[in-house]
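The values are calculated or read from the model by the stated rules, or taken from the named source; none is laboratory data. What you see is a predicted model, and the numbers here were worked out from it, not measured in a lab. Cβ sites come from the backbone with ideal geometry, for glycine too, and all protein chains shown count toward neighbours. With ligands, DNA and RNA removed, areas are computed over all heavy atoms of the protein, side chains included. Shrake-Rupley method; radii C 1.70, N 1.55, O 1.52, S 1.80 Å.
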Amino acid sequence: MRRSVLTKVSINIKSGTLEEEGLVVGIDLGTTNSLVALINPDTGKPEVLGKAGELLVPSVVHITHDGFPVVGNIARQALITHPESTIFSVKRLLGRSYKDIEAHAPFYTYRILDEADEKLVRIEVSGKYFTPIELSAEILNELKRRAETITGRTVNRAVITVPAYFNDSQRQATRDAGKMAGLEVLRIVNEPTAASLAYGLGLKSTEAKTIVVYDLGGGTFDVSVLRIEDSVFEVLSTQGDTYLGGDDFDREIVKYWLHFLPEQLHSGAFKSLRLLAEQAKKEVCGGKVFEEIYNHAGGQYRLSLDLTIFESVTSHLMDKTIQSLQSALKDAKLTHEEIDEVIMVGGSTRMPFVKQRLVGLFGHIQVNDSLNPDEVVALGAAVEADVLAGNRNDILLLDVTPLSLGIETLGGLMDVLIPRNTKIPCKYVKSYTTSVDGQVKMSIAVYQGERELTAENRKLGELVLSGIPAMPAGLPKIEVAFLLNADGILTIEAKELKSGINQQVEIKPQFGLSDADVERMLMDSISHAKEDVARRMHVEARTEAEQMIYMVSRFLEKNAALLSEDEIDTTRKLSNALKATLTNSDKDTILQGIDSLNEYTRSFAERLMNKAVLSSLSGTHIDRI
Ligand code: AMP
């Protein structure tokens, strides 16, 4: 697409100079290949840049002798000659620790450092260390450079796609890689969402659809069930196998051919047969019959393949993908009939039996395969990039948060600020106060999950607000704001309104949740709902009682001179009786204790108490942390 593009110009207010506004692109940062696309201003449609294949960059980074990274086709060739210094599949390592990938360590031909459990992995090549973020940044940089050469424009903003199951840590790592490559990352978008956008799904705000995205690439398989409603994409379920893809189909062909070779040649022939197998696969999938004389170790062997044999030697792999699809539907609690459309993504969906199986399962509906399955994710990312750059004001693309976010209040209770399924970006603000007189510091612990008690949810981080002016408990007004941006990254701000002091943190959980974790947390909250409510009520009663006992003792200390002996004595007795209910009593007994103490102290409290203490004693209208 070498064309004259309309150039937008903006004025830099500080320098007063005119600046060309850079292009905004969509990037599919893939496990095997990566691709960039943008909107053609003449047609308004997304396009992949360059002549066929010109911009399909193999996601491979070769580190040269002098420690210099080389990306793309040249690097891919080095996979065979220099496997120990050529990094492939870096996407599988993004945002992961050694513990996460340990089970698959033999898969990698380069050295991954076996470091502390929780640390993100690093790769060592000839004494130099590289992080997956840096290596991904190299790939992104290469895409950016090629796009700039073709368009003659600066490319500085992008939407980058990630698999739906990527957790916070993996998303954050992808975003960091974009930043490192000099891109402003407008949003991290789920690959199935991008694929849907490429087919125009979700662009009409009135549309409501449930769709299945079947994505079989070179090394990975994902299937996602999405619900699109009012332009909001909700991932209902995802399943898949991060180590199943076209390469495995190639391997089965090699295994089949080995039957025709003497056994002593098997190990030596495997590597060279892999490339031939991929070629044979593509030919038979294109309707041809493959035949070739293979020369190896002085011998000549006739290798052939037709579609029937190919499908029979790989049928177990195909079955595996269909089983994943069935369990994704089961997880989403949907039947085949409830699916409105299917989208095919990834080069391996060109194998004819993929479509046949999908049509067989979902006969009644549309199976979308009209777009190039290698390009569909990048094309959709370009659509989203265009929307986010503000070029289309007819559409608003929103996402939802999968789990509730909140903070811990007194007694270890979860106080939700952003409920699950809230559209993001969003901002919620709530006021809290102190629980102890003269409290100058408050720590705000942030949790994610659906349970009533924070101990059963997942802690995301903690923010400490210090420098609160010393005041009686209940007087400071602390406003806590949760800001959840479009990537699902949470920023928390706490402000004491009287003094204006504030603290801000961005919560970037090192290790996020897998879809299975999210599901488990939701299921737990449902199965424990009844018991949780009872526990919450018990904790609330106990907290109220503790507050009351504390306030009463402070009150007696300050105002003893103004009360009669009898009043002091009875108050103490009632307060001690309430204290006794805190161990082993049920909620109702505690509440009775509170009532009695309340009742007795009310008459003289009203008479004597200063306003602040009164407001604290007469029930908690703002939560205490
Ligand atoms: P991707 O990761 O989406 O680029 O997928 C690449 C995978 O698609 C590789 O395993 C290729 O062998 C496979 N592939 C590409 N073209 C075809 C084709 N015509 N028929 C079957 N598989 C193909």
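So which of T349, T314 ends up being touching a Phe, Trp or Tyr at 6+ places or on another chain (Cβ under 6 Å), at pLDDT 95 or above and within 11 Å of the ligand (Cβ to nearest atom)?
Residue meeting the stated conditions: T314.
Would you check if V254 is β-branched (V, I, T), within 16 Å of the ligand (Cβ to nearest atom) and open to solvent by 60 Å² or more (accessible area, probe 1.4 Å)?
Considered against the rule, which asks whether it is β-branched (V, I, T), within 16 Å of the ligand (Cβ to nearest atom) and open to solvent by 60 Å² or more (accessible area, probe 1.4 Å), V254 comes out as no.
Mind listing whichever residues of segment 425-444 are buried (at least 19 other Cβ atoms within 10 Å of the Cβ) and either within 21 Å of the chain's Cα centre (by Cα) or in a strand (DSSP E or B) (or both)?
Selection gives Y432, T433, M442, I444.
As an exercise: evaluate L379 against (1) among the aliphatic types (A, V, I, L, M); (2) open to solvent by 50 Å² or more (accessible area, probe 1.4 Å); (3) within 16 Å of the ligand (Cβ to nearest atom) and give the number of the one condition it does not meet.
L379 satisfies every listed condition except (2).
Can you name the residue in segment 171-228 that is within 16 Å of the ligand (Cβ to nearest atom) and of a type in the set (A, V, I, L, M, F, W, C) and, of all such residues, is surrounded by the fewest Cβ atoms within 10 Å (Cβ to Cβ)?
Across segment 171-228, the extreme among qualifying residues is F221.
Can you name the condition, by its number, that A277 falls short on among (1) surrounded by fewer than 22 Cβ atoms within 10 Å (Cβ to Cβ); (2) modelled with pLDDT of 95 or more; (3) among the small types (G, A, S)?
Single failed check for A277: (1).
Exactly one of (1) surrounded by fewer than 16 Cβ atoms within 10 Å (Cβ to Cβ); (2) hydroxyl-bearing (S, T, Y); (3) away from the ligand (no atom under 16 Å from the Cβ) is unmet by Y294. Its number?
Single failed check for Y294: (1).
Here is a list of conditions, (1) without any contact (Cβ under 8 Å) to a residue 12 or more places away in the chain; (2) over 22 Å from the mean Cα position of the chain (by Cα), and E124 meets all of them except one; can you say which number that is?
Answer for E124: the failing condition is (1).
Hey, among E138, E118, which residue is modelled with pLDDT of 95 or more and either surrounded by 15 or more Cβ atoms within 10 Å (Cβ to Cβ) or not in a strand (DSSP E or B) (or both)?
Among E138, E118, only E138 is modelled with pLDDT of 95 or more and either surrounded by 15 or more Cβ atoms within 10 Å (Cβ to Cβ) or not in a strand (DSSP E or B) (or both).
When you scan segment 1-54 for strands (runs of 3 or more DSSP E) that lie fully inside it, which ones turn up with 2 or more residues that are at pLDDT below 70?
9-11, 18-20
Within segment 298-305, can one find any residue that is open to solvent by 10 Å² or more (accessible area, probe 1.4 Å) and in contact with a helix residue (DSSP H, G or I) (Cβ under 7 Å, 6 or more places away or on another chain)?
no
Can you tell which of R420, R357 is crowded, with 16+ Cβ neighbours inside 10 Å, away from the ligand (no atom under 16 Å from the Cβ), among the basic types (K, R) and not assigned by TED's automatic domain parsing to the domain that holds E544?
Result of the check over R420, R357: R420.
Could you tell me which residue of segment 280-291 is surrounded by the fewest Cβ atoms within 10 Å (Cβ to Cβ), considering only residues that are within 9 Å of the ligand (Cβ to nearest atom) and more than 36 Å from the chain's Cα centre (by Cα)? Quick ask: steps written out before the conclusion?
First, the residues of segment 280-291 that are within 9 Å of the ligand (Cβ to nearest atom): 281-286.
Narrowing further to those that are more than 36 Å from the chain's Cα centre (by Cα): 283-284, 286.
On the way: E283: 18, V284: 22, G286: 10.
Across segment 280-291, the extreme among qualifying residues is G286.
Within segment 55-79, can you find the residues that are part of a strand (DSSP E or B), surrounded by fewer than 22 Cβ atoms within 10 Å (Cβ to Cβ) and more than 16 Å from the ligand (Cβ to nearest atom)?
P69, V70
Filter segment 229-250 for residues that are more than 11 Å from the ligand (Cβ to nearest atom), open to solvent by less than 20 Å² (accessible area, probe 1.4 Å) and aromatic (F, W, Y) and give the result.
Across segment 229-250, the qualifying residue is only F233.
State which residue pairs qualify: first residue of a type in the set (G, A, S) and inside segment 166-180, second residue open to solvent by 20 Å² or more (accessible area, probe 1.4 Å) in any location, beta carbons under 6 Å apart, and separation of 6 or more residues or different chains.
S169/Q510; S169/F511; A173/I133; A177/I133
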